[in-house]
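Enquirer: I have a structure here, written as structure tokens, and I will follow up with some questions on it.
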Amino acid sequence: EDKELPTRHNMQIMRRLFHMANGFFIATLYLISLNHSQMVHLLGTFACALYVVEQVRVAYPELAGKLLPFTRLIMRAEEQLKESAMVPYAMAVLLTIVAFPKHIALVGIYSLAIADPLSAIVGIKFGKNKITPTRTVEGSLAFFLSIFMVTLFILLGYNGKFELSIFIVSFLMGTLGALFDLIPLKLDDNMTIPLFTSATLWIICTVFGIYI
């Protein structure tokens, strides 16, 4: 059955769109509706429930096998015998919301939702110029533009007016994010992207004196 499922090097467009939709929904809900405490309770409950479901799925492979026609759209071969990437995804988003101010956390979550899947789609579909065995110039450019636009949108929205410092911070965030994505870490990028992005933005905003 492993061979029936794609790996991380496949396009798997439905998984990437599912990934994007989840993060976008969570971040937008936090942006326009729920406060910090409500988001922590909601995501905490969801993350715990997801962990239990994943433990059951791994412990009872015969049950998971019956769901394969449905799950193969969003599952990978390497996830059949362990928790799926949704577990670190949910935990990372929860930790980002707990640890950082709202506008900082929003940039981290939107970056995870948009930059990661979009750069993968662009890199797999259009990537011609390799930087590393798994990264291309085209994919890295998509990663840069995603984080740049996300940071610019959130900071402008909170600040209420355009300032050169916000543009510079957004450009710097896009650059640092794209460079960070090139590092061949053995950690799940669902965990590293929002935490790195949020921590870096927090430091840069402090350096540039952007207090929102």
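Taken together, the values in this text are just the output of simple stated rules run on the coordinates, not laboratory data. Quick caveat: nothing in here was measured; it's all calculated off a predicted structure. Glycine also receives a Cβ, built like all others from the backbone with ideal geometry; neighbour counts cover every protein chain displayed.
Enquirer: Which of the peptides 151-164, 191-204, 106-119 is most tightly packed, and how do the rest follow, going by the mean number of other Cβ atoms within 10 Å of each residue?
Expert: 106-119, 191-204, 151-164
Enquirer: Can you pick out the pairs among K130/K161; K130/K186; K125/K161; K102/K130 whose Cα atoms lie more than 29 Å from each other?
Expert: On the way: K130/K161 39 Å; K130/K186 20 Å; K125/K161 37 Å; K102/K130 36 Å.
The answer is K130/K161; K125/K161; K102/K130.
Enquirer: Rounded to two decimals, what is Rg over Rh for the range 89-212 when you use alpha-carbon atoms and the Kirkwood radius? Intermediate values should be presented prior to the final figure.
Expert: Values: Rg = 14.1 Å, Rh = 14.4 Å.
For the range 89-212, the value is 0.97.
Enquirer: Along Cα→Cβ, 7 Å out, is where each label goes; now give me the distance between the ones at V52 and I32 in nm to one decimal.
Expert: 3.1 nm
Enquirer: How high is the relative contact order of the range 139-212, in percent, counting Cα pairs under 8 Å that sit 6 or more residues apart? Spell out each step's value before the answer.
Expert: On the way: 46 pairs, mean separation 28.0, N = 74.
The value is 38 percent.
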